[in-house]
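Notes follow the structure.
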Amino acid sequence: MQRLLFKREFFKAIREGRKTTTLRRWKTCFLMPGEPTVSPGLGELRIIRCERIELGQLQEADARADGFASLAELRDTLGRLYPNQGRDGKQWYRITFALDGAGAVASAGHADGAAQPAEGGPRPTSGDAKARLARRIRAELDKAVRRSGSFSL
């Protein structure tokens, strides 16, 4: 399972549903839509969309989806988090995600922000676990094929 890390300062906005996107500076996006992803301190995330973007195209609505009050605040934070962005050879990616309902409930109310298993909550059945494993294997195979360039239409 892939991991997507967040600074603690963003945990509350994610849990409250005010932050549903994140901007990352990567050479290539390693997340796949539909792929289960874990975020330490928050729980399981569902990746909805991953797209390459240009910072100049962002608007106020993009900043709000990322949990910021304004585009200026978002840009200031990105400058602080990525001080060498002009020279790092990477690109911007916007990841749209949803916090798994069980993860949101399980982690709520814990002072340290650590996700705790929900007591009495539903446990995955063997069929669910198999389907999740099959999706993960398919996603990894798709990534390997794309990287190798061995598949062409």
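The values are calculated or read from the model by the stated rules, or taken from the named source; none is laboratory data. Predicted, not measured: the structure shown is a model, and the values here were computed from it. Positions of Cβ are backbone-derived with ideal geometry, glycine not excepted, and every protein chain shown enters the neighbour counts.
Output the residues belonging to the stretch 32-54 that are touching a helix residue (DSSP H, G or I) at 6+ places or on another chain (Cβ under 7 Å), among the hydrophobic types (A, V, I, L, M, F, W, C) and within 17 Å of Arg136 (Cβ to Cβ). Hit for the stretch 32-54 is Met32, nothing else. Under 13 Å from the mean Cα position of the chain (by Cα) and modelled with pLDDT under 95: is that true of Leu31 in this structure? Considered against the rule, which asks whether it is under 13 Å from the mean Cα position of the chain (by Cα) and modelled with pLDDT under 95, Leu31 comes out as yes.
A quick yes/no check of all residues on (1) surrounded by fewer than 18 Cβ atoms within 10 Å (Cβ to Cβ); (2) of a type in the set (D, E, K, R):
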position: Arg8; (1), (2): yes, yes
position: Ala13; (1), (2): yes, no
position: Leu23; (1), (2): no, no
position: Pro33; (1), (2): yes, no
position: Leu42; (1), (2): no, no
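Taking the stated definitions as given, is Glu51 in a strand (DSSP E or B) and either within 28 Å of Ala134 (Cβ to Cβ) or not assigned by TED's automatic domain parsing to the domain that holds Leu141 (or both)?
Working: in a strand (DSSP E or B): yes; either within 28 Å of Ala134 (Cβ to Cβ) or not assigned by TED's automatic domain parsing to the domain that holds Leu141 (or both): yes.
Judged against the criteria, Glu51 is a match.
What residue, among those in the stretch 1-19 that are of a type outside the set (D, E, K, R) and within 23 Å of Arg135 (Cα to Cα), is nearest to the chain's Cα centre (by Cα)?
Initial filter on the stretch 1-19 (of a type outside the set (D, E, K, R)): 1-2, 4-6, 10-11, 13-14, 17.
Then drop every residue that is not within 23 Å of Arg135 (Cα to Cα), which leaves 1-2, 4-5.
Numbers: Met1: 12, Gln2: 9, Leu4: 5, Leu5: 8 Å.
Across the stretch 1-19, the extreme among qualifying residues is Leu4.
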